[in-house]
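Just so you know, all these numbers are worked out from the coordinates, no wet-lab data involved. Just so it is clear, the structure is predicted and the values come from calculations on it, not from any experiment. All Cβ positions, even for glycine, are placed from backbone atoms using ideal geometry, and neighbour counts span all protein chains on display.
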Amino acid sequence: MDLMRDCLDKQLEDGNKRRMGRVDGIILDIEDGRQPHVAYIEVGVKTLMNRLSPRLASLATEPYRIAWGKVKVGLNKVVADVEAEETPALEWELWLRKKVIGRIPGA
Amino acid sequence: MKKILEIALGIVTSVGGFLEIGSIATAAQAGSDFSLQLIWAIVLGGICIIFLVEQAGRFAAVSGRTIPDAIRERFGFNYFAFLYLVLVLVSLIVLAAEIGGVCIALELATGFHFSLWAIPVALVVWLVIWKGTFGIIEKGVSILGLVTLSFVVGAYLINPPWSQVAQSALPSLPQHNSIHYWFIAVSILGATISPYLYFFYSSGAIEDEWNEGYIGINRIIATGGMSFGSIISIAVLILAAMIFAPQGVKFEHYSQLPTLLTPVFGYWGYWLIVASIGIACLGAAMEITLEIAYLTAQGFGWNWSENQRPLDEARFSVAYMIAILIGMLPILIGIDPLTLTIFGMALTAATLPVSIVPFLFLMNDYSYVRVYRNGWLSNAVVLVIIGLAFVLAVVAIPLQIFGGS
Amino acid sequence: MSKRQVHVELLLGEKVLAMNGVSIGRLEEIRTEVNRGHYYVTEFLVGSYAVLERLAAWRIGRAVLRVVRAQRKEGYRIRWEQLDLSDPRRLRLLCEVDELMPLKREQYPS
């Protein structure tokens, strides 16, 4: 599997096909003399901003990491063995749902 | 029968996306300032957008993803961020112009200044998107938008020199005021080859759940819809050429627009213009609003769909609410919609390469479009469009400064 | 043994330097293989060739590069033990360039 082509920036879904963002980052565990292996994927604005500029990244909250063992790379999407709404990945979605959208009639 | 109906509806909805304040204003300006001479720019723009829209539909139908989806995946976040900032900025200016177009129609209808209509129009745009489904928005407004056929009828009835109309379909050099001529040509191309059009088309194909079986229908809809839209734009140009140009009148204000149809339809011409501008711009405003929200949601991987409840896609809903709010502001504070329109079209032209270049790569990517990759003709046309886009990118803003109205 | 973590997305596009400090290209892909449930890095793909393949518009890409007179270098495949990842901003080879495998078009994944 190629990390850039098959995983990075791909749509991330939970087990119920709920979209929960994209794979914004991938973390390798590195140890001297040992073969590096994939440890986590990361979702979050901070990870994205870091790709543009570390200074921008300092303004954002910590990203959400999912252990690689809970991740399955499919065709053009990545599926995580989590419940999307119970993770920080949908923090803003749930907040906006409760505090903004839910208060408007017809939502 | 069902397929024929689907194709007919598809063509009608494509027209709705094509004709908006930019194409009306630039065509009217072209006709008033250079008579029939700039018909070629509309024809050229029409051919380009037919190819781009067809490819956008094919891409979505075969890959099951939209263009913004694929750009983020294939080119990474850094390029997507650049594209996002550019497209959103340009789209917000064009959105403001479209909201302004609806407000102008309401000013023509009621006499109340256009800025007073900014908030009500923004509310209507929001409400229709909030409560409506993709089908209602796409088809409903477009069917109403058939009123714009009055331009075509008017252009026929005014009996222009048809041989000159046909001749003007080929490019020609200006006989006077070269800078202004090329500025109008660039603006027409910017009004026609709008990234939001083919981006929205790809999102629409996913909303409508297109698959490989729609490849043929897509080709017909793209060709028919964009051709139809081009014909209506050409009709506006012809009317302006036959009514404004002989009297040496320059198109400089929206209040002049009713003059295009009143000589042909009398009293009803005024109301046909008001309805045409109002409905065309309303449709365009909703499409651009949705496209800004689609671009945001798809790029960042959020839930999105016009067919879901706002509660299930809070970030997507907030994105289009913010877009409408920002788009409304310039009109609320009284900025002239015509100025916004012309500036928006020039800026669109200047930023075309940003979206078209990655699109070319995607249309040749086997992992997305498989055997439906571009053939040599489609690639050749897109390469020409890219070349044209780079030229436009370089000249659009200087022409705006030196040759704009 | 020092353990650390490296962000893959920050390695993308970084220059890879030979032992003499000369750039041999840019990191474009990281290839992995699964072994007992873990995905281990096997090689790093470097070079402008890799960029074209990644964009998957091979004929178009070459034509564009020829027009802008960009050099078409063959890429390299660098085995995991041949690259020093201690500084993600300064990726260095741990071997001579001659020891690297060339990256040919047919070797790139479809």
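Under a cut-off of 13 Å between alpha-carbon atoms, report the aspartates and glutamates in cross-link reach of C:K15, not counting same-chain residues fewer than 8 places apart.
Of all the aspartates and glutamates, those that pass the test against C:K15 - Cα under 13 Å, at least 8 places apart if same chain - are C:E28, C:E29, C:D84, C:D87.
Take the alpha carbon atoms of segment B:139-205, find their center, do the same for segment B:345-392, and report the distance between the two centers in whole angstrom.
Segment B:139-205 and segment B:345-392 have Cα centres separated by 21 Å.
What value does segment B:1-104 have for Rg/Rh, both radii from Cα atoms and Rh as Kirkwood defines it?
Radius of gyration relative to Kirkwood radius: 1.04.
Across bins of 10 angstrom width beginning at 0, how are the C-alpha pair distances of the protein assembly as shown distributed, in whole percent?
In whole percents, the pair-distance histogram is 3, 16, 25, 24, 17, 10, 4, 1, 0.
How many partner chain Cβ atoms sit within 10 Å of a residue's Cβ in peptide A:47-56, on average, as a whole number? Please list the in-between numbers first.
Values: counts 4, 6, 2, 3, 9, 4, 0, 1, 0, 0.
Mean number of neighbouring Cβ atoms from other chains: 3.
Can you tell me, using C-alpha contacts under 8 Å and at least 6 residues apart, the relative contact order of chain B as a whole percent? Don't skip to the end; give the middle numbers.
Values: 657 pairs, mean separation 149.3, N = 405.
Averaging sequence separation for qualifying contacts and normalising by length gives 37 percent for chain B.
Just tell me which lysines come within less than 21 Å, Cα to Cα, of A:K72; anything on the same chain fewer than 8 places away is out.
A:K10, A:K17
Using the Kirkwood radius over C-alpha pairs as Rh, can you work out the diffusion coefficient of chain B via Stokes-Einstein at 10 °C, viscosity 1.306 mPa s, in µm² per second?
76
Under a 10 Å cutoff between Cα atoms, tell me which one of B:L197, B:L85, B:L282 has the largest fluctuation in the Gaussian network model of chain B.
Comparing B:L197, B:L85, B:L282 in the GNM, the peak value goes to B:L85.
Using a basic spin-label model with each label point 7 Å from the Cα along Cα→Cβ, how many nm lie between A:R34 and A:N76?
Taking the two extended label points, one gets 3.8 nm.
Which residues' amide hydrogens lie under 5 Å from the amide hydrogen of A:K10, considering only partners 5 or more residues apart or on another chain, with H built in the peptide plane?
Distant-sequence amide H within range of A:K10: A:V23.
With a ≥ b ≥ c the root eigenvalues of the C-alpha gyration tensor of segment B:176-250, is it rounded (a/c under 1.5), prolate (a/b larger than b/c) or oblate?
Verdict is prolate for segment B:176-250.
Which of the three applies to segment B:38-85, rounded, prolate or oblate, going by the alpha-carbon gyration tensor with a ≥ b ≥ c and a/c under 1.5 meaning rounded?
Cα axes put segment B:38-85 in the oblate bin.
If you take the charge dipole of segment B:2-403 about its Cα centre, with +1 on Lys and Arg Cβ and -1 on Asp and Glu Cβ, which of B:A118, B:F244, B:F361 is farthest toward its positive end?
B:F361
Given q = 0.11, 0.15 Å⁻¹, what are the Debye log10 I(q)/I(0) values for segment A:3-103, with equal point scatterers placed on the Cα positions and solvent ignored?
-0.37, -0.66
Shielding by partners for A:73-81, please: the mean number of other protein chain Cβ atoms within 10 Å of each residue's Cβ.
2
Treating the beta-carbon of each Lys and Arg as +1 and of each Asp and Glu as -1, no other charges, what is the dipole magnitude of the protein assembly as shown about its Cα centre, to the nearest 20 debye? Let's see the in-between values first.
Numbers: 52 positive and 53 negative charges, 132 e Å.
For the protein assembly as shown, the charge dipole is close to 640 debye.
I'd like to know which of B:F59, B:Y201, C:V16 lies farthest towards the positive end of the charge dipole of the protein assembly as shown, counting +1 on Cβ of Lys and Arg and -1 on Cβ of Asp and Glu.
Looking along the dipole axis, the top candidate is C:V16.
What order, most packed first, do the peptides B:224-235, B:309-320, C:84-95 have when packing is the mean number of other Cβ atoms within 10 Å of each residue?
Put in order of decreasing packing, that is B:224-235, B:309-320, C:84-95.
Rounded, prolate or oblate for segment B:221-325? Axes are the square roots of the Cα gyration tensor eigenvalues, ordered a ≥ b ≥ c, and the cut-off for rounded is a/c under 1.5.
prolate
Taking the alpha-carbon centroid of each part, what is the distance from segment B:27-45 to segment B:272-312 in angstrom?
Segment B:27-45 and segment B:272-312 have Cα centres separated by 29 Å.
What FRET efficiency comes out for B:L123 versus B:A169 if R0 is 41 angstrom and r is the Cβ-Cβ distance? Round to the nearest 0.05.
With R0 = 41 Å, the Cβ-Cβ based efficiency is 0.45.
Enter the mean number of other protein chain beta carbons within 10 Å of the beta carbon of each residue in B:183-196, as an integer.
So the per-residue partner count for this stretch is 0.
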